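What follows draws every value from the coordinates through simple rules; no lab data is involved. Remember, predicted model here, so these are calculated numbers, not experimental data. Because the Cβ atoms are built from the backbone with ideal geometry, glycine has one as well, and the counts that use them run over all protein chains shown.
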Amino acid sequence: MRLAVLALALCSSVALAVPVTDDSGQWVDPPAHPQRIADGWFAHHALMMTLGAGGNIVATVNHADRQPWMFKVQPSLNQAQTVNGTAFNVETLLADKVDLVFTSTGDRQALAYQQAGIAVVRMGFNDLPGLEHSLTVTALALNTDIARQRAHDYNAWLDSQVTDLHRRTADLADAQRPRVLHIASLNPLRVDGADTLINTWINLAGGRNAATGLKGNLQAVDAEQVLAWHPDVVILAADAGDLKQVPLLWQLQGVKVLRNPAGVFPWDRYGTEVGLQLLWAGQQLHPQRFKDVDMVQQTMGFYRRFFDYPLSVQQAGQILAGQHPDA
């Protein structure tokens, strides 16, 4: 019922404010047409940009040196107020006439924004249906025709990606599914377990998460545990560092090591580019089943359609290699 109501709202043109239920289950009455937005969740910027609202972000927790493609594709972020961490100064938000704040569901500062009279929408998800719901809620809070249409279009596109993955990998037996370890950071050593978006795309791409018995994002482990898991494939986040930082891991034999793409946001984590991650991971794990997929063209098409940005072939290659724009 909840999703049906959201779908109905997305198909209508609304002039007045639309109350929404955010990802923490709280009802929020955003302004009718929020214009000046503070975004306190790193990944949510990609959702805003997908909805054509990146230019409304006037306060950000992201930085150009950490997410250079984000600032290149959405250059207005270079003029936004930036903070270290995730806490904005309430007085500064009021002085900047911020009328809506997006935060992660666990952000303790959210209450302070609310007490100052600023609407707050809390965001968070761990799977693809959750991403689609978050995008829909964001579009309803933005309350523009373009945001509603983009949410509808993106969710339909993501569903088609998932359907395509199922078609290509559903008949794989467990023995044909490589054990994949996703390393988010090498120093300190942190990996991603079950109940995460990372676990979702590993499974959809025809793999198995090698981090058995582990749940959650960014879990600290030691090198001995990685050796005990002995994955078939190691996928390093674009900014995870170099395997040389953990000498014990050099003992891994016969393991395929890959560097994950990163664009506006790291493809492997909680941005809308996870739809591209599905195809990329599937092609890496089962190249014969994805030999018709041109990831450069897929990347260029996505950026043109959902970020309104004309990537060159060279830029698409840089993103696929996990490189910065100036690499």
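For the range 48-63, take each phi angle, set θ = phi - 60°, evaluate the Karplus expression 6.51 cos²θ - 1.76 cosθ + 1.60, and give the result in whole Hz per residue in order, putting x for glycine and proline.
4, 5, 4, 8, x, 10, x, x, 8, 7, 10, 9, 9, 9, 8, 9
With charges only on Cβ, +1 for K and R and -1 for D and E, what is the dipole size of the chain about its Cα centre, in debye, rounded to 20?
400
Counting only helical runs of four or more DSSP H residues, what would the 222 nm mean residue ellipticity of the chain come to if each run contributes -39,500 (n - 2.57) and the total is spread over all its residues?
About -11000 deg cm²/dmol.
Just to be sure I understand: of the beta bridges DSSP finds with both ends in the chain, what percent are antiparallel, rounded to 5?
On the way: 8 of 32 bridges.
Antiparallel bridges: around 25 percent, rounded to the nearest 5.
Putting +1 on Lys and Arg Cβ atoms and -1 on Asp and Glu Cβ atoms, find which of Gly301, Tyr154, Ala175 reaches farthest to the positive end of the dipole of the chain.
Final value for the positive-end residue is Ala175.
By how many nm would the segment from Ser76 to Leu258 grow when fully extended, if each residue of separation counts as 0.36 nm and the alpha-carbon distance is taken off?
Fully extending the segment from Ser76 to Leu258 adds 62.3 nm.
Show the residues, 5+ positions off or on another chain, whose built amide H is closer than 5 Å to the amide H of Arg179.
Those lying under 5 Å, H to H, from Arg179 are Arg208, Asp232, Val233.
List the relative contact order of the chain as a percent without decimals, with contacts defined as Cα pairs under 8 Å and 6+ residues apart.
17 percent.
Length gain on complete extension for the stretch Trp250 to Asn84, per 0.36 nm per residue less the alpha carbon to alpha carbon distance?
Stretched out fully, the Trp250 to Asn84 stretch lengthens by 56.3 nm.
How would you order 266-277, 313-324 from highest to lowest mean count of nearby Cβ atoms within 10 Å? Can you show the working numbers first?
On the way: 266-277: 25.4, 313-324: 17.4.
Put in order of decreasing packing, that is 266-277, 313-324.
Towards the positive end of the charge dipole of the chain, with charges on Cβ (+1 Lys, Arg; -1 Asp, Glu), say which of Gly117, Ala59, Thr163 has the farthest Cα.
Thr163
Given contacts defined as C-alpha pairs under 8 Å and at least six residues apart, what's the relative contact order of the range 12-70, whole-number percent?
So the answer I get is 25 percent.
Take the alpha carbon gyration tensor of the chain, find the square roots of its eigenvalues, order them as a ≥ b ≥ c, and report rounded if a/c is under 1.5; if not, report prolate when a/b exceeds b/c, else oblate.
Verdict is prolate for the chain.
Sticking with the crude label model, points 7 Å out along Cα→Cβ, report the distance from Gln176 to Thr21 in nm, one decimal please.
If labels sit at Gln176 and Thr21, their model points lie 4.1 nm apart.
Could you give each residue of the range 187-193 its phi-based ³J(HN,Hα) in whole Hz, using Karplus coefficients 6.51, -1.76, 1.60 with θ = phi - 60°, and x for Gly or Pro?
Once rounded to whole Hz, the list reads 9, x, 7, 9, 10, 10, x.
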